Amino acid sequence: MPRIIGVSGNITAPSRTLSLVESVVTKASQKFHSPGEVIDISKLTADLGPTVSFNQFPPALAQAYEKLHQADIIVIGTPVYKASYTGLLKHFFDLVDPKKLTGKVAILVATGGSDHHALVLESHLRSLASFFGIYTIPTTIYARDAEFTNYQLDSAVIEQRIDQALEQAAVLIKQHLPETLVA
């Protein structure tokens, strides 16, 4: 069974981004018959912000990085903020040993107010994942604020994109992580 972890780069609560990441992780858990968890950056801000050393993480950060390192599938999500991903998400990944993520499979997701922010997935998140040697699936998932009701995903179109992304993730897992059992 592939191990699934989501990283939600939101910095406020409630969060559409967190809701989207949780939706993808939940569907991935169902598809691959494997438990999944979400790392919520907004809950790590007190520890993450002042941390600059690679070898002295506060306990909450150490736990988050351990979960990330053990994952086979990583759902990386961010709200679009000033044409990019959030600074705390960047800082979170700045503290990751690049060798620890090589060969994992990522599903990239983002939320924003309008369609013209969707390119963040290709221009920023895909290049971030590439730096770490993470395989990214072709389908990305971008959801506008209007596709949520009370911060919960409310879009059949986005649900279909999630399903498509999970089908592509299954192919990559079979090719690159053959030791995991994929349904």
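Coordinate-derived values only; no laboratory data. Since the structure is predicted, the reported quantities are computational estimates derived from the model, not experimental observations. When we count neighbours, we look across all protein chains shown, and the Cβ atoms used for this are built from the backbone with ideal geometry, even at glycine.
So residue 53 passes all but one of these: (1) surrounded by 15 or more Cβ atoms within 10 Å (Cβ to Cβ); (2) of a type in the set (Ser, Thr, Tyr); (3) farther than 18 Å from residue 19 by Cα. Which condition number does it fail?
Against the list (1) surrounded by 15 or more Cβ atoms within 10 Å (Cβ to Cβ); (2) of a type in the set (Ser, Thr, Tyr); (3) farther than 18 Å from residue 19 by Cα, residue 53 comes up short only on (1).
Taking the condition under 17 Å from residue 34 (Cβ atoms), among the hydrophobic types (A, V, I, L, M, F, W, C) and assigned to a helix (DSSP H, G or I), does residue 158 pass?
Against the criterion (under 17 Å from residue 34 (Cβ atoms), among the hydrophobic types (A, V, I, L, M, F, W, C) and assigned to a helix (DSSP H, G or I)), residue 158 does not qualify.
Is there a residue in the range 64-86 that is among the small types (Gly, Ala, Ser) and more than 23 Å from residue 20 (Cα to Cα)?
no
Out of all the residues in the range 129-152, which are buried (at least 16 other Cβ atoms within 10 Å of the Cβ) and within 16 Å of the chain's Cα centre (by Cα)?
Of everything in the range 129-152, those that are buried (at least 16 other Cβ atoms within 10 Å of the Cβ) and within 16 Å of the chain's Cα centre (by Cα) turn out to be 129, 132, 134, 135, 136, 137, 139, 140, 141, 142, 143.
Pairs please, first residue from the range 153-165 and among the aliphatic types (A, V, I, L, M), second anywhere and surrounded by 14 or more Cβ atoms within 10 Å (Cβ to Cβ) and assigned to a helix (DSSP H, G or I), Cβ atoms under 7 Å, 6+ apart in sequence or on different chains.
Every condition considered, the pairs that remain are 153/19; 153/20; 153/23; 153/147; 158/147; 162/23; 162/24; 162/27.
Please go through the range 57-81 and give me each residue that is polar (S, T, N, Q) and under 28 Å from residue 119 (Cβ atoms), ordered by number.
78
Looking at (1) buried (at least 19 other Cβ atoms within 10 Å of the Cβ); (2) over 17 Å from residue 12 (Cα atoms); (3) in contact with a helix residue (DSSP H, G or I) (Cβ under 7 Å, 6 or more places away or on another chain); (4) not hydrophobic (A, V, I, L, M, F, W, C), can you tell me which one residue 111 breaks?
(2)
Name every residue in the range 88-108 that is surrounded by 21 or more Cβ atoms within 10 Å (Cβ to Cβ) and not hydrophobic (A, V, I, L, M, F, W, C), in order of residue number.
Residue satisfying the conditions is 104 alone.
When the range 67-96 is examined, which residues are found to be closer than 21 Å to residue 176 by Cβ and either touching a strand residue (DSSP E or B) at 6+ places or on another chain (Cβ under 7 Å) or in a loop (DSSP other than H, G, I, E, B) (or both)?
Result: 67, 68, 71, 72, 73, 74, 75, 76, 96.
So, in the range 114-125, exactly how many residues are surrounded by fewer than 17 Cβ atoms within 10 Å (Cβ to Cβ) and part of a helix (DSSP H, G or I)?
Residues in the range 114-125 being surrounded by fewer than 17 Cβ atoms within 10 Å (Cβ to Cβ) and part of a helix (DSSP H, G or I): 4 in total.
Looking at the range 1-29, which of its residues are closer than 13 Å to residue 73 by Cβ and either crowded, with 21+ Cβ neighbours inside 10 Å or in contact with a helix residue (DSSP H, G or I) (Cβ under 9 Å, 6 or more places away or on another chain) (or both)?
1, 2, 3, 4, 5, 6, 7, 21, 24, 25, 27, 28
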